[in-house]
Amino acid sequence: MMGTTAAAQTAADSAATPPQSDEILVTATRRSESLLRVPVSVAALNQQNLDDRGIRTIQDIAAQTPGLNIAASSGSVGGMRASIRGINSTAGAATTATYIDDTPVQSRNSALNYSLSTFPRAFDLDRVEVLRGPQGTLFGASSMGGAIRFITPAPSLSGTSVYGRASAVAIDGGSPGGEIGLAVGAPIVEDKIGFRVSGWYQHEGGYVDRASYQDANSTEKNANFSNTYVLRAAFALKPTEWLTITPSIYFQDQKINDTSYYWSSLSDTHDGVFKSGSSIPQPSHDRFWLPSLKMVADVGGVSITSVTSHYARNVNETRDQSQTNNLTTFGAKYLFTTVNGYDQVIDTWSSRTKQRDYVQEIRVQNTGPSRLNWLVGGYYSHSKIFSDPTLNSAYLNDFTQQYFGKTVAQYFGTGLVDGVYRYTGVENTTEEQYAAFANLDWEFVDHVKLTLGGRYSINKLVYDIVEKSPTYVTGVSHNAGSIKEKPFTPKVSLSYDASNNLMFYSTYARGFRTGGVNKAVPMPACATGLAALGLDSQPPTYKSDTTDSYELGSKGRIGGGLLSFEASVYQINWKNIQQSIRLTCAYPLTLNTGSARSRGFDLNLNMRPMDNLRLGLTVGYNDSKYLDTLQSGTKATVFAGQKIDGSPWTLNGFFEYSLLVGQHDAYIRVQDTYNSRPQGPFGFQNPISSVYDPTRVTNEAMNKLDVRLGLKAGPVNWSVFSENVLNAHPILNKANLFAYAPFFTERTITPRTIGIMATVTM
């Protein structure tokens with residue numbers, strides 16, 4: 001009896017004792033340091049955090065990370081755009097750098113590439129780091145708002161580890177889904193050769209129904225389901241004590257059956273009815289390979305790191321543009337027209353994009369504790385984008401005959417491309433970058449550290465774009481040339497360690513992204529729109545833009561871990577902004593649109609008031625707006641005070657309570673995520689704006705409540721959960737074709753999801 005009581009007490013003590021440290025080690029400065037010791041605003045989540053919070057996608061990460069915003073594109077089925085601290089642009093190169101380990105994988109929104117970026121899924125990750133503020137010194141161009149880093153686990157040389165996860169879920173009003181994945185790491189030859197391999201599959205159920213407005217028999221329930229596969233293999237070779245060689249390969253394949261955008265006119269969001277009237281399915285197939293070779297040599301207090309990688313991404317998408325091109329070409333009354341002899345009038349946009357990035361980086365830095373830490377490095381990248389979209393409008397000759405008494409060739413001067421296409425395009429864009437960078441940390445006075453960094457780059461963009469369409473004056477548009485720029489991105493930081501558990505810092509940093517190329521707009525259909533902007537013709541290119549960031553922050557731990565906090569306030573000045581402007585003919589044009597200012601703060605609190613109770617709260621506020629009015633004729637492209645889209649307030653709070661059930665740890669976790677409604681004024685709300693449209697509304701506020709109940713039995717964590725418990729359906733990304741267009745699309749978050757999950761960690 002006494003033995004049983006002692007065993008029970010031991011189990012109870014184990015359940016009640018908090019871990020020795022909740023700290024996460026990060027490499028935001030290219031050195032492994034505690035999150036609380038890095039003078040950078042970083043949100044870091046390890047694999048346990050990701051599992052506890054039910055995070056699977058980049059959207060989940062953004063919802064729980066103040067300052068990070070992920071926007072879907074209505075011009076892409078699966079592509080997304082990331083922005084940090086309000087540095088959000090709908091055009092040009094990415095404003096946020098995305099890394100898998102040491103390799104950048106973001107994509108440029110180029111002239112004919114609308115697929116935007118893809119992001120790795122959250123399975124078998126050591127951690128995710130979100131670096132807020134410009135990171136141009138260490139992470140290069142496109143990190144002008146910040147960087148997102150997905151860090152994978154290193155292969156093991158000395159011990160076996162296993163991680164697995166399986167779940168089954170049901171979506172309210174939608175179809176079921178689930179996932180299964182396994183990762184294993186172990187030595188092959190102790191201390192000499194090791195490996196880490198993982199595989200994961202997820203089926204996400206759909207909840208948007210497609211019912212063609214032209215054919216009552218063309219329907220599909222819960223059409224927006226998807227399937228994703230992720231495979232990774234890495235090996236560590238240590239032929240000597242001072243050299244480690246790590247070859248790896250990462251593969252991800254995502255197939256989306258149909259878009260998650262639905263038609264406002266056919267849906268009732270507050271009743272959970274989401275319908276798309278598209279005439280055809282709009283699938284997307286997005287896959288990438290990332291082989292990489294990392295070599296680290298530690299010799300005489302100096303570490304030399306070489307990373308060689310090749311990122312290969314292919315995206316194939318189909319989009320339904322039925323009728324919308326007739327509207328933009330011929331006028332609003334042709335939006336939903338019929339054509340004699342055709343049961344359906346269908347325009348099919350098909351696009352194929354290939355991205356090929358070769359990256360080589362070398363870093364040399366000192367190791368070991370020192371009052372003077374230094375790092376120097378060199379970087380080279382060669383990136384190519386190939387796109388060849390087509391727009392099939394085989395009915396168009398009969399359309400123009402019926403409504404204008406002319407063939408396409410007679411009406412425009414040239415006929416359909418190859419007899420069926422309204423448009424074809426071929427883009428070949430090559431971007432080459434050479435860079436040298438350095439970073440110095442100097443503790444010149446006890447507990448006071450000065451950081452100086454800088455990166456000098458030579459960037460060259462070479463482009464060749466051929467487009468064919470009867471809507472062009474000669475039927476063909478050819479835009480070729482090059483852009484060359486030599487940016488310098490400095491960083492200065494001063495930090496003070498008030499104690500072992502309290503640090504203050506201030507930072508200045510600059511960010512940069514390269515300029516780009518415009519696609520052709522049809523003439524004379526868009527002549528009026530160009531004239532409204534004060535332009536006689538379309539600019540073939542646009543210039544680079546920059547950000548200058550000023551930040552004050554503090555991090556600390558109080559009461560031996562009772563409370564830990566990270567806080568920062570910032571102002572970012574954004575100059576020569578690249579932004580997409582929609583012309584009155586509904587075609588976009590990218591221009592440099594003056595300057596803007598972004599101000600805000602972020603706060604992260606983690607508390608443990610009792611051994612078995614954890615509380616957390618993150619709060620972020622951002623106010624981003626243009627500072628200039630750019631007048632074009634009688635209208636403004638942007639106006640002073642115009643807000644840059646995004647939620648001003650983001651909040652995420654949770655509590656987790658644990659208790660002993662028999663011999664096992666049990667817990668309940670409740671989490672709430674809130675994003676406030678975007679506050680204008682925006683362009684479509686101001687009569688002086690060239691895109692003024694009083695029929696358009698802003699996104700709604702988003703509040704998502706999640707609950708999870710779990711039981712830990714040995715290495716297995718069993719849990720049942722409900723995500724979006726209140727079944728919220730906020731309207732997000734509401735958009736129309738042009739001002740006053742009687743046609744809106746929008747999307748929402750996944751309806752209430754109930755599921756069961758098992759996670760194994762050994």
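Would you confirm, using the coordinates I've provided, whether Ala141 is over 22 Å from Ala509 (Cα atoms), in contact (Cβ under 8 Å) with a residue 60 or more places away in the chain and of a type in the set (A, V, I, L, M, F, W, C)? In short, no.
Does Gly511 satisfy the criteria of being touching a residue at least 12 places away in the same chain (Cβ under 8 Å) and in a strand (DSSP E or B)?
Working: touching a residue at least 12 places away in the same chain (Cβ under 8 Å): yes; in a strand (DSSP E or B): yes.
So Gly511 fits the description; yes.
Of all the residues in the stretch 92-107, those that are at pLDDT below 90 and surrounded by fewer than 23 Cβ atoms within 10 Å (Cβ to Cβ) number 0.
Considering only residues that are polar (S, T, N, Q) and closer than 30 Å to Pro487 by Cα, look in the stretch 453-472 and name the one that is surrounded by the fewest Cβ atoms within 10 Å (Cβ to Cβ).
Pass one, the stretch 453-472, residues polar (S, T, N, Q): 457, 459, 469, 471.
From what's left, closer than 30 Å to Pro487 by Cα: 457, 459.
Details: Ser457: 21, Asn459: 23.
Top of the filtered list is Ser457.
What is the residue count in the stretch 24-63 for residues that are more than 28 Å from Ala438 (Cβ to Cβ) and over 21 Å from the mean Cα position of the chain (by Cα)?
At the first step, the residues of the stretch 24-63 found to be more than 28 Å from Ala438 (Cβ to Cβ) are 45-63.
Next, from what is left, pick out any that are over 21 Å from the mean Cα position of the chain (by Cα): 48, 52.
Looking only at that region, the number is 2.
Which of (1) of a type outside the set (Lys, Arg); (2) within 22 Å of the chain's Cα centre (by Cα); (3) surrounded by 18 or more Cβ atoms within 10 Å (Cβ to Cβ) is the odd one out, the single condition Asp623 does not satisfy? Among (1) of a type outside the set (Lys, Arg); (2) within 22 Å of the chain's Cα centre (by Cα); (3) surrounded by 18 or more Cβ atoms within 10 Å (Cβ to Cβ), the lone unmet condition for Asp623 is (3).
When Val339 is tested against (1) more than 16 Å from Leu138 (Cα to Cα); (2) loosely packed, with under 15 Cβ neighbours inside 10 Å; (3) touching a residue at least 60 places away in the same chain (Cβ under 8 Å), just one condition goes unmet, and that condition is (2).
Which residue is nearest to Asp60 (Cα to Cα), if the candidates are limited to the stretch 666-679 and must be of a type in the set (Ser, Thr, Tyr) and either in contact with a Gly (Cβ under 6 Å, 6 or more places away or on another chain) or surrounded by 20 or more Cβ atoms within 10 Å (Cβ to Cβ) (or both)? If you could, list the steps in order and put the result at the bottom.
Here is the first cut: in the stretch 666-679, the ones of a type in the set (Ser, Thr, Tyr) are 667, 673-674, 676.
The next check asks that each one be either in contact with a Gly (Cβ under 6 Å, 6 or more places away or on another chain) or surrounded by 20 or more Cβ atoms within 10 Å (Cβ to Cβ) (or both); those that pass are 667, 673.
Working: Tyr667: 22, Thr673: 10 Å.
Among those residues, the one meeting the criterion is Thr673.
Selection within the stretch 347-362: residues that are farther than 21 Å from Thr318 by Cα and surrounded by 18 or more Cβ atoms within 10 Å (Cβ to Cβ). The member of this set that is farthest from the chain's Cα centre (by Cα) is Glu361. What residue, among those in the stretch 471-520 that are closer than 28 Å to Ser549 by Cβ and of a type in the set (Lys, Arg), is nearest to the chain's Cα centre (by Cα)? Filtering the stretch 471-520 for residues that are closer than 28 Å to Ser549 by Cβ and of a type in the set (Lys, Arg), the one nearest to the chain's Cα centre (by Cα) comes out as Arg513. What are the residues in the stretch 635-665 that are more than 29 Å from Ala62 (Cα to Cα) and among the hydroxyl-bearing types (Ser, Thr, Tyr), if any? Listed by number, the list holds a single entry, Thr637.
Can you work out which of the residues in the stretch 383-419 that are surrounded by fewer than 15 Cβ atoms within 10 Å (Cβ to Cβ) and not polar (S, T, N, Q) is nearest to Thr29 (Cα to Cα)? Among them, the one singled out is Asp418. Residues in the stretch 333-388 that are under 30 Å from Phe743 (Cα atoms), basic (Lys, Arg) and in a strand (DSSP E or B): 1 in all.
Would you be able to say whether some residue in the stretch 552-574 is of a type outside the set (Gly, Ala, Ser), crowded, with 18+ Cβ neighbours inside 10 Å and modelled with pLDDT under 90? The answer is no; no qualifying residue exists.
Does at least one position in the stretch 59-82 carry a residue that is within 16 Å of Gln135 (Cα to Cα), in contact with a Leu (Cβ under 8 Å, 6 or more places away or on another chain) and surrounded by 23 or more Cβ atoms within 10 Å (Cβ to Cβ)?
Pass one, the stretch 59-82, residues within 16 Å of Gln135 (Cα to Cα): 67-68, 82.
Subset that is in contact with a Leu (Cβ under 8 Å, 6 or more places away or on another chain): 82.
From what's left, surrounded by 23 or more Cβ atoms within 10 Å (Cβ to Cβ): 82.
Yes, some residue in the stretch 59-82 is within 16 Å of Gln135 (Cα to Cα), in contact with a Leu (Cβ under 8 Å, 6 or more places away or on another chain) and surrounded by 23 or more Cβ atoms within 10 Å (Cβ to Cβ).
Tell me which residues, restricted to the stretch 184-210, are farther than 12 Å from Asn227 by Cβ and under 25 Å from the mean Cα position of the chain (by Cα). If the condition is that a residue be farther than 12 Å from Asn227 by Cβ and under 25 Å from the mean Cα position of the chain (by Cα), then Ser198, Gly199, Tyr207, Val208 are the ones that fit. Elements of the type strands (runs of 3 or more DSSP E) sitting completely within the stretch 613-664 and holding at least 2 residues that are within 20 Å of Asp52 (Cα to Cα): these cover 613-626, 649-661.
Where strands (runs of 3 or more DSSP E) fall wholly inside the stretch 209-265, the ranges with 1 or more residues that are polar (S, T, N, Q) and over 30 Å from Ala735 (Cα atoms) are 226-240, 243-256. Does Ser322 satisfy the criteria of being modelled with pLDDT under 95 and either touching an Asp or Glu at 6+ places or on another chain (Cβ under 7 Å) or among the charged types (D, E, K, R) (or both)? So Ser322 fits the description; yes.
Evaluating Thr634 against the criteria (1) loosely packed, with under 15 Cβ neighbours inside 10 Å; (2) touching a strand residue (DSSP E or B) at 6+ places or on another chain (Cβ under 9 Å) leaves one unmet condition, (2).
Residues in the stretch 665-683 that are in a strand (DSSP E or B) and of a type in the set (A, V, I, L, M, F, W, C): Ala666, Ile668, Val670.
On the given criteria, is Arg121 under 16 Å from the mean Cα position of the chain (by Cα) and within 30 Å of Gly454 (Cβ to Cβ)? If you could, list the steps in order and put the result at the bottom.
Details: under 16 Å from the mean Cα position of the chain (by Cα): yes; within 30 Å of Gly454 (Cβ to Cβ): no.
No: the conditions fail for Arg121.
Only one of (1) crowded, with 17+ Cβ neighbours inside 10 Å; (2) among the polar types (S, T, N, Q); (3) not in a strand (DSSP E or B) fails for Thr695. Which number is that? Checking Thr695 against (1) crowded, with 17+ Cβ neighbours inside 10 Å; (2) among the polar types (S, T, N, Q); (3) not in a strand (DSSP E or B), the one that fails is (1). Among the residues of this structure, Phe288 counts as one that is of a type in the set (Phe, Trp, Tyr), under 30 Å from Pro751 (Cα atoms) and part of a strand (DSSP E or B).
Kindly indicate whether Ile749 is out of contact with any helix residue (DSSP H, G or I) (no Cβ under 8 Å at 6 or more places or on another chain), modelled with pLDDT of 90 or more and on the phi < 0 side of the Ramachandran plot. The answer is yes for Ile749. If you filter the stretch 211-234 down to residues that are within 30 Å of the chain's Cα centre (by Cα) and among the polar types (S, T, N, Q), you find that the one that is farthest from Phe150 (Cα to Cα) is Asn222. Scan the stretch 235-249 residue by residue and report those that are more than 25 Å from the chain's Cα centre (by Cα) and touching a residue at least 40 places away in the same chain (Cβ under 8 Å). Once the filter is applied, which keeps residues that are more than 25 Å from the chain's Cα centre (by Cα) and touching a residue at least 40 places away in the same chain (Cβ under 8 Å), the stretch 235-249 yields Phe235, Ala236, Leu237, Lys238, Pro239, Trp242, Leu243, Thr244, Ile245, Thr246, Pro247. Restricting attention to the stretch 490-543 and to residues that are in contact with a Pro (Cβ under 7 Å, 6 or more places away or on another chain) and not hydrophobic (A, V, I, L, M, F, W, C), the residue that is surrounded by the most Cβ atoms within 10 Å (Cβ to Cβ) turns out to be Gly511. Of all residues in the stretch 359-384, those that are farther than 15 Å from Lys449 by Cβ have Cβ atoms under 6 Å from Cβ atoms of residues that are outside any strand (DSSP E or B), 6 or more apart or on another chain, in Thr367/Gly301; Gly368/Gly301.
For residues that are of a type in the set (Ser, Thr, Tyr), surrounded by fewer than 24 Cβ atoms within 10 Å (Cβ to Cβ) and touching a Lys or Arg at 6+ places or on another chain (Cβ under 7 Å), tally how many sit in the stretch 138-159.
Our first condition is that a residue be of a type in the set (Ser, Thr, Tyr); within the stretch 138-159, this holds for 142-143, 152, 156, 158.
Keeping just the survivors that are surrounded by fewer than 24 Cβ atoms within 10 Å (Cβ to Cβ) gives 152, 156, 158.
Applying the additional criterion that residues be touching a Lys or Arg at 6+ places or on another chain (Cβ under 7 Å) yields 152, 156.
Qualifying residue count for the region: 2.
The values are calculated or read from the model by the stated rules, or taken from the named source; none is laboratory data. Predicted model, so just to flag it, every value in this text is computed and none were measured. Positions of Cβ are generated from backbone atoms using ideal geometry, with glycine treated the same way; all protein chains shown enter the neighbour counts.
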